[in-house]
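The values are calculated or read from the model by the stated rules, or taken from the named source; none is laboratory data. Just so it is clear, the model here is predicted, and its values are computed rather than measured. In this analysis, Cβ positions are derived from the backbone assuming ideal geometry, glycine residues included, and neighbour counts consider all displayed protein chains. Surface areas here come from the heavy atoms of the whole protein model, side chains and all, with no ligands, DNA or RNA. Shrake-Rupley method; radii C 1.70, N 1.55, O 1.52, S 1.80 Å.
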Amino acid sequence: RTAHNPPTPELLDACDRLGMLVMDESRLLGSSAANLAKWDGQIRRDRNHASVAIWSLGNEEFTAQGTAIGGRAAAAMQAMVKRLDPSRPVTYNSTLGNEFDPINAVVEVRGWSYRIGVERMDAYHAAHPQQPNVGSEQGSTVSTRGIYANDAARGYVSAYDDNAPDWANTAEQWMSFFAPRPWLSGGFVWTGFDYRGEPTPYAWPCINSHFGILDTCGFPKDNFWYYQSWWTDKPVLHLLPHWNWAGREGQDIDVRALSNCEEVELFLNGRSLGRQTMKPQSELKWKVPYAPGTLSAKGYTGGKLVAETQVVTTGAPAAVQLMADRATIDADGEDASVVTVAVVDADGRLVPTAGDHVSFELDGPGRIIGVGNGDPSCHEPDQFIAAVPVATRAIEGWKWKRVDLRTEGNLPETKADFDDSGWDAANVTAAKGPLGNRERAVYRAHISVTPEELASPGVELWFGRIEGDNVVYINGEQAARGGDARSAVAYDVKSKLQAGDNVIAVIVSNWGDTGGLAKGAALRVTSAAAPVQWSRSVFNGLAEVIVQGAKSSGVIKLTAHADGLKPAAIAISTNGVSPRPAVE
């Protein structure tokens, strides 16, 4: 489901290739001419994609739900679908329960935003038995990868399937309700990935939601295996939590098995802790006194062993590992490889509690474009921007003169050789300019620029404030105009300057209370950017680096190192291709 906006064409192309089904959703429910025009364009653009299976008119429109206006808007949008693409059904994601709603009365498929329960979904189906139903937004389960106790102080939520906001449900709650009801066609989980914003259940300093089945890096949380258990026929068996609990020897650990096997038997260091029968859409639980070693499980179906898994107490962090999702990428300036960073022990096993800080270096035809670790409380940068040294020197010696507001065309006062010796000195550092409403003035100043400054990567003319309409001239040639009168402005003027003396002239036309130059003026010269050192702390043993190829073929070498750990290196080949015209 492309909540809550139209999908990009590239996403639909990928879904076409992968065989995924898409609920193609409008940003807004409405029958205005502007909204219908957008809806028309979206349908025409997307209707030939094989992946599009259903159209959605909108999402949780609180001002329209339950109103006749909402019903008429839904009818207009659905009629447009039926005219342009009669082959696909139409839905709308509603937050209402069993209440009468003109929107639900119009759409072909009733869409449910949460609201599971006998008094809601069952009652609605009993009253409308011929209308198909879909869980267009379900779940909103919250969890943090690799964390097994709620920790509000650090902004983490247990990864057990125990936590959901008051409007939402755990994975087991909604799945166990949907599964035995064939008239419910399934549900879209909110959400596949964690995402920036809506940091639920904790606010800032958390930086992202906890809703995802995967974290922001795409690393799976434990519920990944819960959903996989009930959405596949292959045997699935997953144990949680990890088995690194130093200091808790002899204390009970909440152990759970996620599986679609009929029975699961749990073992600690080879000793059986009992076999349990798995209820569909559920999980199995044990309380296990902690002892380091190996926690393992065997899954049985039809009396036969069909799956095995284990979690092992690891040693201390000993090395960094790098694993690229693709060892060869296109040299088109766009293609990228996602590299997993893992901190492992001396035996190469992931240390699930590691938080080491890892630094990265890259050689060859490519660049690092991002790093991450999936930690919803991490404030380390995802992108490192090169620091650009800036040398600033004030432009002084300003003079000014009021001119007729009615004067049109080029003013002689802007020419480089104009004689301004009789003008008054101007104070351009004041908080406000001296001009009144409907007054105009010309400001002039001289500045000497060295050849070394002109050879710098960037030269800017900076004004703390220009109050009023303005045009900036350098050596009699127009260099810039406009700008926000409420903030500082900077203009790139390197191509307009010359070595030696330069004349700056600024025409300011005021239409407000005050006008003119204020809060200073300066020349800013930028030097070459300082080298960037990319780095990221692992979160519960894992982090991620995204490496993008350049437009030349060769081999990219990525190196990772952390204090006290064995470093790692990986090679990514880039193959020459013809880039798309848009990026040439």
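Contact map, segment 507-531: residues that are within 19 Å of Thr414 (Cβ to Cβ) and at pLDDT 95 or above paired with residues that are open to solvent by 30 Å² or more (accessible area, probe 1.4 Å) and among the hydroxyl-bearing types (Ser, Thr, Tyr), Cβ distance under 8 Å, separation 6+ or inter-chain. Pairs shown: Leu523/Thr392. Residues in segment 6-33 that are of a type outside the set (Lys, Arg), outside any loop (DSSP other than H, G, I, E, B) and open to solvent by 70 Å² or more (accessible area, probe 1.4 Å): Glu10, Leu11, Leu18, Ala33.
Out of (1) within 30 Å of Asp347 (Cβ to Cβ); (2) of a type outside the set (D, E, K, R); (3) over 27 Å from the mean Cα position of the chain (by Cα), the odd one out for Val545 is which? Val545 satisfies all of (1) within 30 Å of Asp347 (Cβ to Cβ); (2) of a type outside the set (D, E, K, R); (3) over 27 Å from the mean Cα position of the chain (by Cα) except (3).
If you take the residues of segment 224-236 that are open to solvent by less than 20 Å² (accessible area, probe 1.4 Å) and not aromatic (Phe, Trp, Tyr), which of them is farthest from Cys261 (Cα to Cα)? Filtering segment 224-236 for residues that are open to solvent by less than 20 Å² (accessible area, probe 1.4 Å) and not aromatic (Phe, Trp, Tyr), the one farthest from Cys261 (Cα to Cα) comes out as Ser229.
When segment 197-223 is limited to residues that are free of Cβ contacts under 8 Å to residues at least 24 places away in the same chain and within 19 Å of Arg1 (Cβ to Cβ), the one that is most open to solvent (accessible area, probe 1.4 Å) turns out to be Glu198. Of the residues Val503, Val472, the single one that is aliphatic (A, V, I, L, M), assigned to a strand (DSSP E or B), in contact (Cβ under 8 Å) with a residue 60 or more places away in the chain and open to solvent by less than 20 Å² (accessible area, probe 1.4 Å) is Val503.
Right, Asp563: within 30 Å of Pro220 (Cα to Cα), outside any strand (DSSP E or B) and under 31 Å from the mean Cα position of the chain (by Cα) or not? Yes: the conditions hold for Asp563. Yes or no: segment 317-339 includes at least one residue that is open to solvent by 60 Å² or more (accessible area, probe 1.4 Å), at pLDDT below 95 and either more than 30 Å from Glu265 (Cβ to Cβ) or in contact with a Phe, Trp or Tyr (Cβ under 6 Å, 6 or more places away or on another chain) (or both). Yes, some residue in segment 317-339 is open to solvent by 60 Å² or more (accessible area, probe 1.4 Å), at pLDDT below 95 and either more than 30 Å from Glu265 (Cβ to Cβ) or in contact with a Phe, Trp or Tyr (Cβ under 6 Å, 6 or more places away or on another chain) (or both). What about Gln281, is it out of contact with any strand residue (DSSP E or B) (no Cβ under 8 Å at 6 or more places or on another chain), more than 21 Å from Pro352 (Cβ to Cβ) and at pLDDT 95 or above? So Gln281 passes the test. Among residues of segment 11-24 that are modelled with pLDDT of 95 or more, those with a beta-carbon under 7 Å from a residue that is among the acidic types (Asp, Glu) at least six positions away or on a different chain give the pairs Leu12/Asp46; Asp24/Asp46. All conditions in (1) touching a His at 6+ places or on another chain (Cβ under 6 Å); (2) surrounded by fewer than 22 Cβ atoms within 10 Å (Cβ to Cβ) hold for Val157, with the sole exception of (2). Can you spot a residue in segment 389-405 that is within 29 Å of Ala441 (Cβ to Cβ), assigned to a loop (DSSP other than H, G, I, E, B), modelled with pLDDT under 95 and of a type in the set (Asp, Glu)? The answer is yes; a qualifying residue exists. If the condition is being part of a strand (DSSP E or B) and closer than 30 Å to Pro352 by Cα, then segment 516-553 contributes Trp534, Ser535, Arg536, Ser537, Phe539, Leu542, Ala543, Glu544, Val545, Ile546, Val547, Gln548.
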